[in-house]
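Data block below; observations after.
The values are calculated or read from the model by the stated rules, or taken from the named source; none is laboratory data. Computed from a predicted structure; not experimentally measured. Cβ atoms come from the backbone with ideal geometry, glycine included; neighbour counts cover every protein chain shown. Calculation scope for accessible area: heavy atoms of the full protein, side chains included, ligands and nucleic acids excluded. Shrake-Rupley method; radii C 1.70, N 1.55, O 1.52, S 1.80 Å.
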Amino acid sequence: MSTHKANTKKLLNKREESLQAGGKERIEIQHSKGKLTARERIELLLDTDSFEEIGAFVKHRSSDFGMEKKQILGDGVITGYGTVNKRLVYVYAQDFTVFGGSLSETHAEKIVKIMEMAMKNGAPIIGLNDSGGARIQEGVVSLGGYADIFYQNTLASGVVPQISAILGPCAGGAVYSPAITDFIFMTDNTSYMFVTGPNVVKTVTNEEVSSESLGGSSVHSSKSGVAHFTAKNELICLENMKLLLSYLPQNCESKAPELETISYDDQHSKNLDNIIPDSSSTPYDIKDIISGLVDSNSFFEVHKNYAPNIVVGFAHLGGKSIGVVANQPNYLAGVLDVESSKKAARFVRFCDCFNIPLLVLEDVPGFLPGTEQEWNAIITNGAKLLYAFSEATVPRITVITRKAYGGAYDVMNSKHIGADLNFAWPSAEIAVMGAKGAAEIIFRKEIKEAEDPEEAWKQKEKEYSEIFANPYRAAERGFIDEVILPSETRRKLIKAFGMLQNKVATLPRKKHGNIPL
Ligand code: HXC
């Protein structure tokens, strides 16, 4: 055989070997758990034939515990680049069939390498995580590898979008990299995230708990808020990741792609005039209003099951990508509390990092009172949202659909904290508090001394209502730029965001602010 032929054969053999990963048996076990292999996941995520692998022949350097005899090309993670809907992304996929996808020194180096490339070339990083955590045979070297990744995650934060899917166990160090990224996807029944697993929990706290109820998708998408999205299976999860990418720019210097069909098509917004109930205490679904305002079927909700009293997500409006933050009167009357403030603040900051304009729909009776809220630092957490809006320099528009009471009026993207345009519907009520409570406080003496205190209270409530339970006092001051009909809002918003598209706003020079964490 000629040298050329021998060299070619050697290369092809190595390529074949790297494709075998952990072997047929382990691949079958992976499939039997309802999980795909790392390569199958990459194939489904990326455009056909677009993936280019980097580091396929990397091996670990460990020689303890006989590891020098156990070498698998690629060392448990597949890294490289490709395209999603023709847009460049960098991707790593941990391969559970190789040492349980555990993270060795070299496994970490491969991930860090593509993260650095993603930052230099300005494209999103997607991590498909399926790992038993630190490679136990490597000890501290593996811990160092994790820290190297956390460091890169932090440097990349706000530079390029970072998206994580949890597609298997994710314990110990394996959870902190996803936690620093922008969005976490989980799959039902096959993915778990915890700092310490059920066995350690039992030993330390004597608490018996299953993996699912300790750190399954349902827990993290509803209770802890660690996960932003859940899917029934990996296929749906990967599809949703692609959908998310379609709303995002490639990096902090660019804008999200615009859809070609920029139209005022507003047939679906005709019904908006009929949604707000006659009684201001009757709930309604803010998602009906979002659907009527944004381009048909374009709303992509984030954190759907967590803190449902605030709704956040991406949408297209006249073909342009926007972030929507909306109080949800259907749940706890849309009140702001600890969880909803944190949820919205993080979303606002993401949109601001990546030049995605913000639309705020406001119907909020105020902050939730009570010891539980105060003891859980509603002050600090509410301040997060206030801070996040205040420092956001992207185009920001608010529509007050109904209530804008108290501190929540200020917080929910008011003009005073830098919103560009604030609209109100005729149903808006903008005041320090609801008329009943207000009357009781400021007319206490008159009510008490009246012949019929009950009737006097009603009268005073009416009086306060007439003055403040409308948008006109605020409009007289210029705090509201225009009072508009629900059915004309979509058109106005498309024009307004168009007008604001070249907005330039700068913050005072500083190293970085100190958001109340
Ligand atoms: C080396 C590992 C491994 C690890 C799994 N494997 N985890 N090898 N290091 N961390 C190997 C197994 O030996 C096995 O190899 C193969 O992967 C599959 O594992 P199984 O246990 O057979 O699979 P399964 O029953 O599905 O259980 C998966 C698992 C379990 C729940 C992940 O393997 C597990 O509990 N692993 C340890 C998790 C852990 O404690 N990690 C350290 C976290 S501490 P063979 O050859 O038999 O197929 C940490 C610190 C970082 O990460 C801190 C940074 C801040």
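Would you pick out the residues in segment 64-110 that are over 30 Å from the mean Cα position of the chain (by Cα), under 22 Å from N13 (Cα atoms) and among the acidic types (D, E)? Passing the criteria: E68, D75.
Just need a number here: residues in segment 226-250 that are open to solvent by 30 Å² or more (accessible area, probe 1.4 Å) and not small (G, A, S). Residues flagged as open to solvent by 30 Å² or more (accessible area, probe 1.4 Å) and not small (G, A, S) within segment 226-250 amount to 11.
If you take the residues in segment 168-218 that are away from the ligand (no atom under 14 Å from the Cβ) and polar (S, T, N, Q), which one is nearest to G34 (Cα to Cα)? Here the residue is T187.
Flag: I27 matches the condition of being outside any loop (DSSP other than H, G, I, E, B), within 16 Å of the ligand (Cβ to nearest atom) and crowded, with 17+ Cβ neighbours inside 10 Å. I'd like to know if segment 149-161 contains one or more residues that are near the ligand (Cβ under 10 Å from one of its atoms), among the aromatic types (F, W, Y) and touching a Ser or Thr at 6+ places or on another chain (Cβ under 8 Å). Yes, because at least one residue in segment 149-161 is near the ligand (Cβ under 10 Å from one of its atoms), among the aromatic types (F, W, Y) and touching a Ser or Thr at 6+ places or on another chain (Cβ under 8 Å). Is there any pair linking a residue in segment 1-24 that is open to solvent by 90 Å² or more (accessible area, probe 1.4 Å) to one that is in a loop (DSSP other than H, G, I, E, B), with Cβ under 6 Å and at least six apart or on different chains, and which? What qualifies is E17/L73.
Based on this model, can you work out whether A38 counts as in contact (Cβ under 8 Å) with a residue 40 or more places away in the chain, under 18 Å from T187 (Cβ atoms), small (G, A, S) and within 16 Å of the ligand (Cβ to nearest atom)? Answer is yes for this residue.
Residues are listed down the side, and each one gets a yes or a no for (1) open to solvent by less than 10 Å² (accessible area, probe 1.4 Å); (2) touching a residue at least 24 places away in the same chain (Cβ under 8 Å); (3) touching a Pro at 6+ places or on another chain (Cβ under 6 Å); (4) not in a loop (DSSP other than H, G, I, E, B):
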residue	(1), (2), (3), (4)
G80	yes, yes, no, yes
V89	yes, yes, yes, yes
G100	no, yes, no, yes
A108	yes, yes, no, yes
I111	yes, yes, no, yes
E116	no, yes, no, yes
A123	yes, yes, no, no
I126	yes, yes, no, yes
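Among the numbered conditions (1) within 16 Å of I126 (Cα to Cα); (2) away from the ligand (no atom under 16 Å from the Cβ); (3) of a type outside the set (V, I, T), the only one that K270 does not meet is (1). When restricted to residues that are surrounded by fewer than 18 Cβ atoms within 10 Å (Cβ to Cβ) and in a loop (DSSP other than H, G, I, E, B), segment 199-218 contains 5. Looking at this structure, is S221 assigned to a strand (DSSP E or B), among the hydroxyl-bearing types (S, T, Y), more than 10 Å from the ligand (Cβ to nearest atom) and surrounded by 15 or more Cβ atoms within 10 Å (Cβ to Cβ)? For S221, the condition - assigned to a strand (DSSP E or B), among the hydroxyl-bearing types (S, T, Y), more than 10 Å from the ligand (Cβ to nearest atom) and surrounded by 15 or more Cβ atoms within 10 Å (Cβ to Cβ) - is not met.
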